[in-house]
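Q: Starting off with a structure, shown below.
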Amino acid sequence: MILLDPQNPVFPSYESTDSTGIIAVGGKINVSTLLLSYRQGIFPWYNDEFPLWWNPDPRFVLYPEELKIAKSMRSYFNQKKYRVTYNQHFTEIMVRCRNKKRKGQGGTWINDRFIEAYTVLHEMGHALSVEVYDGDRIVGGLYGVLLGKIFYGESMFTDMPNASKYGFISLVKHLREAGITIIDCQQETALLGSLGARNITRKNFMEFIASNRDQESLSIYAALSSIR
């Protein structure tokens, strides 16, 4: 674990990650540092004072072809329970994720710096949002970073039963069709596990990172944005 230089951030090799999963501390949450980190399999969280940069082992991921849809969720899709759009209200989705109260979680890492930086990433076509509607009201959503053939999920929220799950499944179907090879869920949750996500070693995950090139992600972003 190193102290990141805010003016010249250089992340060490993933072998330098400490036992907690932290590879660096400090630096700035801005577009250039975020792109540098994700391209090396690293994602940021925040404490009260400074960014913490993570590359945990194991890594919780979903291979799109391994998506599991429970019978109860299939009925939601058969009924077209919700409507889903993409990239229409990115900043609102981030704010809603930040403000959602979660059991056992005293706060959130999504502060104003995160929202500002990820919104710029979104405007560049490197971060996307999923909006889930009941009628004309947004009742769930999620956001994440899209680089090449990897989607890095960041956060989700739901205000109605299974709304965020509905949005996530819808997104995965589109990403699978677009040829996305892996979805990074970062750390294990029961919800994502029920959808087929599983742990892999950090070394295995870094093999995906090494072979990933992000030039193709803009066309995927544009295709999703056209869905209404």
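The values are calculated or read from the model by the stated rules, or taken from the named source; none is laboratory data. The model shown is predicted, which means the values in this text are computed figures rather than measured ones. As a convention, Cβ positions derive from the backbone with ideal geometry for all residues, glycine included, and neighbour counts pool all protein chains shown.
Q: When Asn99 is evaluated against the numbered criteria (1) under 26 Å from Glu188 (Cβ atoms); (2) modelled with pLDDT of 95 or more, which criterion, by number, is the only one it fails?
A: (2)
Q: Which pairs turn up if I take residues in segment 116-135 that are among the aliphatic types (A, V, I, L, M) and crowded, with 21+ Cβ neighbours inside 10 Å and look for partners that are modelled with pLDDT of 95 or more and in a loop (DSSP other than H, G, I, E, B) with beta carbon separation below 8 Å, at least 6 apart in sequence or on another chain?
A: As it stands, the answer is Leu128/Asn87; Val132/Tyr82, since those pairs meet every condition given.
Q: Which residues, taken from segment 12-71, are at pLDDT 95 or above, more than 20 Å from Ser155 (Cα to Cα), crowded, with 20+ Cβ neighbours inside 10 Å and not β-branched (Val, Ile, Thr)?
A: If the condition is that a residue be at pLDDT 95 or above, more than 20 Å from Ser155 (Cα to Cα), crowded, with 20+ Cβ neighbours inside 10 Å and not β-branched (Val, Ile, Thr), then Ala24 is the only one that fits.
Q: Turning to a different aspect of this structure: Filter segment 143-163 for residues that are farther than 24 Å from Met206 by Cβ and surrounded by fewer than 23 Cβ atoms within 10 Å (Cβ to Cβ); which is nearest to the chain's Cα centre (by Cα)?
A: Step by step, filter segment 143-163, then rank; the result is Thr158.
Q: Report, ordered by the first and then the second residue, all pairs with beta carbons closer than 6 Å, sequence separation of six or more or different chains, a first member in segment 24-35 that is within 20 Å of Met124 (Cβ to Cβ), and a second member that is part of a helix (DSSP H, G or I) and of a type in the set (Lys, Arg).
A: Ile29/Arg113
Q: Could you check segment 104-193 for strands (runs of 3 or more DSSP E) lying wholly inside it with 1 or more residues that are within 14 Å of Tyr221 (Cα to Cα)?
A: Numbers: elements: 127-134, 137-147, 150-158, 182-186.
Hits in segment 104-193: 127-134, 137-147, 150-158.
Q: Can you confirm whether segment 83-95 contains a residue that is in contact (Cβ under 8 Å) with a residue 24 or more places away in the chain and among the charged types (D, E, K, R)? Don't jump to the end; show me each part of the working.
A: Here is the first cut: in segment 83-95, the residues in contact (Cβ under 8 Å) with a residue 24 or more places away in the chain are 83-94.
Among the residues that remain, those that are also among the charged types (D, E, K, R) are: 83, 92.
The answer is yes, given that some residue of segment 83-95 is in contact (Cβ under 8 Å) with a residue 24 or more places away in the chain and among the charged types (D, E, K, R).
Q: Residues in segment 34-49: is at least one assigned to a loop (DSSP other than H, G, I, E, B) and of a type in the set (A, V, I, L, M, F, W, C)? Lay out the reasoning, then the answer.
A: Of segment 34-49, the ones assigned to a loop (DSSP other than H, G, I, E, B) are 39-42, 47-49.
From what's left, of a type in the set (A, V, I, L, M, F, W, C): 42.
Yes, segment 34-49 contains at least one residue that is assigned to a loop (DSSP other than H, G, I, E, B) and of a type in the set (A, V, I, L, M, F, W, C).
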